[in-house]
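Pasting in a structure now, in structure tokens, and then I'll have a few things to ask.
The values are calculated or read from the model by the stated rules, or taken from the named source; none is laboratory data. Just so it is clear, the structure is predicted and the values come from calculations on it, not from any experiment. So basically every Cβ, Gly included, is an ideal-geometry build from the backbone, and we count neighbours across all protein chains shown. Accessible surface is based on the protein model in full, side chains and every heavy atom, while ligands, DNA and RNA are left aside. Shrake-Rupley method; radii C 1.70, N 1.55, O 1.52, S 1.80 Å.
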Amino acid sequence: MNNLTEKEKMISGELYDAGDAALVEERQRSKDLCFRYNQILPSKMKERKGIIKTLFGKTEKMFLIEQPFYCDYGYNIEIGENFYANVNVVILDCAKVTFGDNVFIAPNCGFYTVNHPLDTETRNKGLEYTLPITVGDNVWIGAGCSILPGVTIGDNAVIGAGSVVVKDIPANVLAVGNPCKVIKEI
């Protein structure tokens with residue numbers, strides 16, 4: 001018999017009920033923090049940094065996340081040193097989303113760990129599952145990219161603008177398109 005909480009199921013990648021009261025409360029906390037973050041004057045860097053440190057599971061010393069920014073839980077997000085995210089970045093972090101050092105994310109990018117069953121009966125019950133996303137060191141992600149559940153992007157990779165990344169991208173490549181494909185080694 002499975003005695004895991006819905007949160008434990010979510011983090012482990014099992015089907016879970018996103019409408020679970022504890023998860024709803026945690027998402028509300030995150031959304032409140034994101035709202036506060038997005039309302040702070042851009043020049044108030046210390047306050048902005050403090051909210052991100054409260055929200056995220058792990059941060060390093062040097063990072064900048066432009067406003068507005070949105071996430072589901074926050075505690076599943078880990079960022080390395082010298083992390084930069086431009087405006088309108090969305091991270092649906094129902095599973096772990098890990099960014100290495102020297103990661104640069106252009107405007108309007110989304111990182112989506114949550115997935116929904118193809119079976120309509122299961123999906124209509126509000127059940128979903130998650131897969132983590134991992135982004136290596138020295139990665140540049142161009143404007144308007146979507147990074148989907150379960151993807152790993154290797155060190156030193158560049159993802160071209162508008163790409164939809166549906167499978168792993170190796171290290172040291174330029175990859176672009178929908179679906180995103182390796183164009184050349186760099």
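Which residues in segment 52-80 place their backbone N less than 18 Å from a point set 7 Å from the Cα of residue 24 along the Cα-to-Cβ direction?
From segment 52-80, the list is 72-73.
I would also like to ask the following. Of all accessible surface on the chain at a 1.4 Å probe, what whole percent is carbon and sulfur?
Summing carbon and sulfur atoms, their accessible area is 55 percent of the total for the chain.
Which of the aspartates and glutamates could a cross-linker span from residue 184 if the Cα-Cα distance has to be under 17 Å and same-chain partners fewer than 8 positions apart are dropped?
Partners found: 155, 168.
By a straight-distance test (C-alpha under 19 Å), which lysines pair with residue 181 as possible cross-link partners, with residues fewer than eight away in the same chain excluded?
Of all the lysines, those that pass the test against residue 181 - Cα under 19 Å, at least 8 places apart if same chain - are 167.
State in Å² the accessible area per residue of the chain; use a 1.4 Å probe, count heavy atoms of protein chains only, and round to the nearest integer.
Heavy-atom accessible area per residue stands at 50 Å².
Between residue 119 and residue 54, what length comes free when the chain is fully extended (0.36 nm per residue of separation minus the Cα-Cα distance, one decimal in nm)?
Result for the pair: 19.7 nm of gain on full extension.
Using the Cα centre of the chain as origin and beta-carbon charges of +1 (Lys, Arg) and -1 (Asp, Glu), tell me which of 76, 40, 180 is placed farthest towards the positive end of the dipole.
40
How big is the C-alpha Rg of segment 6-185 next to the rule-of-thumb value 2.2 N^0.38 Å, as a ratio?
In units of the 2.2 N^0.38 Å rule of thumb, it is 1.02.
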